[in-house]
1. By per-residue mean of other Cβ atoms within 10 Å, what is the highest-first order of 172-179, 193-200?
2. What does the C-alpha gyration tensor say about the overall shape of region 121-213? Classify as rounded when a/c is under 1.5, otherwise prolate if a/b is larger than b/c, or oblate.
3. To make sure I understand, if each residue's beta carbon is the centre and we count other beta carbons within 10 Å, what order do M31, M254 fall in, fewest to most?
4. Could you give the distance between the Cα centres of region 136-151 and region 349-394, to the whole Å?
5. Multiply the residue gap between L283 and L248 by 0.36 nm, knock off their C-alpha separation, and tell me the result in nm, one decimal place.
6. Show me the ranking of peptides 155-167, 268-280 by mean Cβ neighbours inside 10 Å, starting with the highest.
7. Please compare each pair in K332/K388; K26/K395; K27/K135; K9/K181 to a cut-off of 28 Å on the Cα-Cα distance and tell me which ones are over it.
8. Provide F377, F371 in ascending order of the number of other Cβ atoms located within 10 Å of each residue's Cβ, fewest first.
Amino acid sequence: MTTDTKSIKLGELLIKAGLLKSNLLKKMVQMGNETALPIGRVLIMSKTISEDVLRAAVQAQAMIRDHLVDEVAAVEALRLSAAEGISLDDALERVLPGPSVKAVLPGSSISGGPRAHTSTARLGELLVAAELISKEDLEDALRTRDETGLPLGRILVLTRLLSEELLSAALTAQVLLRDSKITREQAVEGLRSARKRRVTIEVALADQGLFKPPVKQSIRLGDLLVLAELIMENDLMTALELSLVRQLPVGRIMQQTGLISQPVLESALQLQEMVASGSLNSLQAAQALRQVAIQRYSLPQALAELGTKEGEPKGSAKLGDILKAAGVVTEKDIKRAVELSTKNSALVGKMLVAAGTIDEQMLYAALRCQFLVRDGFLEIEQAVIALKRCQQTGKTLDEVIRELGWTLSTGIKI
């Protein structure tokens with residue numbers, strides 16, 4: 001049983017089941033944004049729905065997401081569950097034709113009674129299946145979650161039922177499951193191996209031939225922010241769990257909860273792409289991001305502060321030389337900028353912007369060209385052509401590269 005649609009949101013599911021009105025949902029969403037509480041907790045606190053209905057709705061949502069039932073059957077079962085006060089499993093047995101749900105999904109219940117959960121890729125059930133926590137521990141943690149609104153993973157760490165490392169592994173497994181890179185069974189075995197061998201789940205899966213790490217250098221958004229010392233590791237774990245529950249990008253969750261600002265998020269995403277393209281390494285990206293966040297620099301300013309690598313290849317070009325070759329600045333402009341920067345070539349670009357000779361978009365484009373030339377992804381002649389086109393059209397470097405039809409060896413957008 002599958003669905004081709006994107007996983008339905010909790011509020012939409014309740015509306016389709018006739019358990020919530022759309023105008024009331026809007027009010028509840030607004031209240032959730034103001035209080036930073038999950039929408040489910042807001043619905044219970046406002047007595048809009050009961051805890052049993054919420055639990056059934058979350059279970060139905062997870063089953064749709066994991067392709068265990070289609071949306072039509074889940075909605076009908078949720079409506080029946082709420083109307084007759086029965087579990088969603090029992091409702092599904094009456095809604096779905098053929099074999100019972102328990103026959104199709106053996107071992108679907110974590111525990112008997114009204115708190116039954118269908119076996120899906122959800123965090124708690126992965127942890128129980130991998131024997132990282134017990135069923136009783138999960139039940140206790142779920143009750144605490146319902147009472148406090150804290151993410152389940154954070155509760156398990158705070159109560160010392162789970163280590164930060166294993167929570168990170170479980171959340172990574174959820175992401176890999178969500179992206180269809182591994183199966184649920186592989187996730188469970190990977191978690192067991194990760195705990196036994198005390199390695200990351202990526203290593204555990206790779207050693208079993210179940211996961212291939214990216215060939216190109218890359219860094220996850222959250223790891224970049226941690227490396228830049230802008231957030232703590234536990235903040236990242238909480239944000240990642242919330243992103244999986246709310247089905248929102250982790251960067252947006254961190255911005256919504258006040259961990260980072262919108263400018264920092266935008267800069268982090270651009271730097272993440274530059275690391276993936278080989279324009280920067282992870283440490284350089286973290287250094288630039290910290291300048292954006294702490295010193296309030298723009299991203300081009302932060303990149304200008306990085307300067308150039310020691311012992312760079314002979315084919316590399318200085319920033320000023322690239323701009324001059326493209327006809328964007330003159331020799332006189334360069335000399336003046338060098339004087340203003342006290343002979344520090346890393347600040348030449350910054351001084352050109354300060355003098356009004358170029359704008360920040362042009363500086364950003366030139367810096368990216370410099371990094372790409374340095375690492376062999378672009379020839380100097382290509383960089384000059386691209387910068388000339390940027391100056392003539394006012395377009396970004398990405399747009400110009402696409403218009404020119406160039407395919408970089410990085411294989412992704414520069």
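A short reminder: the numbers here are calculations on the coordinates, not readings from a lab. Keep in mind the model is a prediction, meaning the values are calculated, not measured. Here the Cβ positions follow ideal geometry from the backbone for every residue, glycine too, while neighbour counts run over all protein chains shown.
1. Numbers: 172-179: 18.5, 193-200: 15.2.
Averaged packing, sorted descending, gives the order 172-179, 193-200.
2. Working: a/c = 2.22, a/b = 1.86, b/c = 1.20.
Note, shape of region 121-213 comes out prolate.
3. Fewest to most other Cβ atoms nearby, the residues stand as M31, M254.
4. Result: 53 Å between the Cα centres.
5. Here the answer is 9.9 nm.
6. With the highest mean Cβ count within 10 Å placed first, the list reads 268-280, 155-167.
7. Values: K332/K388 19 Å; K26/K395 39 Å; K27/K135 35 Å; K9/K181 23 Å.
Distance filter (> 28 Å) returns K26/K395; K27/K135.
8. Starting with the residue having the fewest Cβ neighbours, the order is F377, F371.
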